[in-house]
Structures are given as structure tokens and as C-alpha cells.
Amino acid sequence: RTYGDYVGQYRKVMEKGLPSTATVTVQRPTGVVYDLTRQRKVDTRAQNGQLLFEAALDGGAGNLFLVMDEPVGRLQITHPPTARRQGKLFFDVTLSHASGKPLQAAAPLQVMIRDAQNKDVEGSGYYSLTNGKLTVELDIAPNDVPGKWQIEVQEGVSGQKASGAFEVQ
């Protein structure tokens, strides 16, 4: 810590946090680590049967890391090509490990659904995958705008994005 702008000028309180770095050791021989705040894979090394990685934190900040057996694979969206007003559209979001097995972690997702006028619609928001899958039920109202709608999804582990489009008739 160091003196900051608030009461630090009087040299009585060190209220400003300083950046810090650390080597994190995980008691496992192998694995893959993701930095969930930056949505990226972290470089690791194995040493004496342990998994090590470097963590750099801003002053007063924290971080969240996810340790898994294997890397994240592909993010996919599947949905029907059309939907009718006064109907429902179900779409699936899947995220697997690189081996193709469903992701065995709770992965955060941001889902953005936009109508034909590029306005966010109900159903947009934050979700979590369970066992690598999420099904979203979208109600199409009788007064919703017909035309081409967009679905965009970004997962919060590695930052991958996927998109799709469907036609509201």
C-alpha cells in the first residue's frame, strides 16, 4: 500500500493499493488455467507434480481463475431458421472441451438477441451453461417486428463468440 490522494497527503493512512504479482501453485500435475476476468488462457508450467502460473493484480483488485483438465473447445449455437409471431423459438448454446466432451464447468454467457430493427429484445442477458449446454426459450409476441433477428453469444471462459440469425414471419 501507499499514500493516495484522499488522506494520504497527511501521511497518516496508506489508502492506495499497489499492484502485486504472485506465483500460484495448484496441487495437481497437469491442467489448463483460464483468467475469467480477462477471458483468456493463462500460461502454466508443471514443476514437482504441481501446476504453477503467474497472477498479476491491480492495486486493491482481485481475480478469478478456472482450472480444468483440458482446454475449452468450440462455442456453438443451434436454432431453427424461422419463427412465427405469437410463437416460441428455442435455441441451444453448447460449449465443449477441445476433445468434444461437454464442458464440465459452470461457464458464464452473455446472450444478445436483436430484432430486425437492431433493438435488444427480452431474453437478452447473462446466463450460465450447465454441463456445457443452455437452452433459451424466446417468446415471439404478436406485435414483434418481422424480419431477420440476430443472436450473439459470448462465453466468459476464453471469450469466444458465436452468432446466428433467424427470420420472424
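The values are calculated or read from the model by the stated rules, or taken from the named source; none is laboratory data. Predicted, not measured: the structure shown is a model, and the values here were computed from it. Ideal geometry is used to build each Cβ from the backbone, glycine not excepted, and the neighbour counts take in all protein chains shown. When the accessible area is computed, the model is the full protein with side chains, heavy atoms only, and any ligands, DNA or RNA have been set aside. Shrake-Rupley method; radii C 1.70, N 1.55, O 1.52, S 1.80 Å.
If we scan segment 111-130, do we find a residue that is touching a His at 6+ places or on another chain (Cβ under 8 Å), modelled with pLDDT under 95 and open to solvent by 70 Å² or more (accessible area, probe 1.4 Å)?
Within segment 111-130 (the criterion being touching a His at 6+ places or on another chain (Cβ under 8 Å), modelled with pLDDT under 95 and open to solvent by 70 Å² or more (accessible area, probe 1.4 Å)), the answer is no, since none of the residues qualifies.
For segment 1-35, give me each residue that is of a type in the set (A, V, I, L, M, F, W, C), open to solvent by 40 Å² or more (accessible area, probe 1.4 Å) and either touching a residue at least 60 places away in the same chain (Cβ under 8 Å) or closer than 15 Å to Ala56 by Cβ (or both).
Once the filter is applied, which keeps residues that are of a type in the set (A, V, I, L, M, F, W, C), open to solvent by 40 Å² or more (accessible area, probe 1.4 Å) and either touching a residue at least 60 places away in the same chain (Cβ under 8 Å) or closer than 15 Å to Ala56 by Cβ (or both), segment 1-35 yields Leu18, Ala22, Val24.
Being touching a Gly at 6+ places or on another chain (Cβ under 9 Å) and part of a strand (DSSP E or B) is the filter here; which residues of segment 99-119 pass it?
Result: Pro102, Ala107, Pro108, Leu109, Gln110, Val111, Met112, Ile113.
Look through Ala83, Ala55 and report the one residue that is over 30 Å from Leu138 (Cβ atoms), touching a strand residue (DSSP E or B) at 6+ places or on another chain (Cβ under 6 Å) and of a type in the set (Gly, Ala, Ser).
Of the residues listed, the single one that is over 30 Å from Leu138 (Cβ atoms), touching a strand residue (DSSP E or B) at 6+ places or on another chain (Cβ under 6 Å) and of a type in the set (Gly, Ala, Ser) is Ala55.
Does segment 116-152 hold any residues that are of a type in the set (Val, Ile, Thr) and farther than 28 Å from Ala106 by Cβ, and which are they?
Residues satisfying the conditions are Ile140, Val145.
Taking segment 131-161 only, how many residues are assigned to a strand (DSSP E or B) and closer than 12 Å to Val93 by Cβ?
10
Do you know which residues across segment 79-98 are assigned to a strand (DSSP E or B) and free of Cβ contacts under 8 Å to residues at least 60 places away in the same chain?
Of everything in segment 79-98, those that are assigned to a strand (DSSP E or B) and free of Cβ contacts under 8 Å to residues at least 60 places away in the same chain turn out to be Lys88, Phe90, Asp92, Thr94, Ser96, His97.
Can you name the number of the only condition in (1) open to solvent by 50 Å² or more (accessible area, probe 1.4 Å); (2) in contact with a Lys or Arg (Cβ under 8 Å, 6 or more places away or on another chain); (3) small (Gly, Ala, Ser) that Ser96 fails?
Of the numbered conditions (1) open to solvent by 50 Å² or more (accessible area, probe 1.4 Å); (2) in contact with a Lys or Arg (Cβ under 8 Å, 6 or more places away or on another chain); (3) small (Gly, Ala, Ser), the odd one out for Ser96 is (1).
In segment 3-12, how many residues are at pLDDT 70 or above and touching a Lys or Arg at 6+ places or on another chain (Cβ under 9 Å)?
4
Check segment 66-75 and report whether any residue there is within 30 Å of Val145 (Cα to Cα) and open to solvent by less than 60 Å² (accessible area, probe 1.4 Å).
yes
Scanning segment 41-60 for residues that are among the charged types (D, E, K, R) and at pLDDT 95 or above, which turns out surrounded by the most Cβ atoms within 10 Å (Cβ to Cβ)?
So, considering only residues that are among the charged types (D, E, K, R) and at pLDDT 95 or above, the one surrounded by the most Cβ atoms within 10 Å (Cβ to Cβ) is Lys41.
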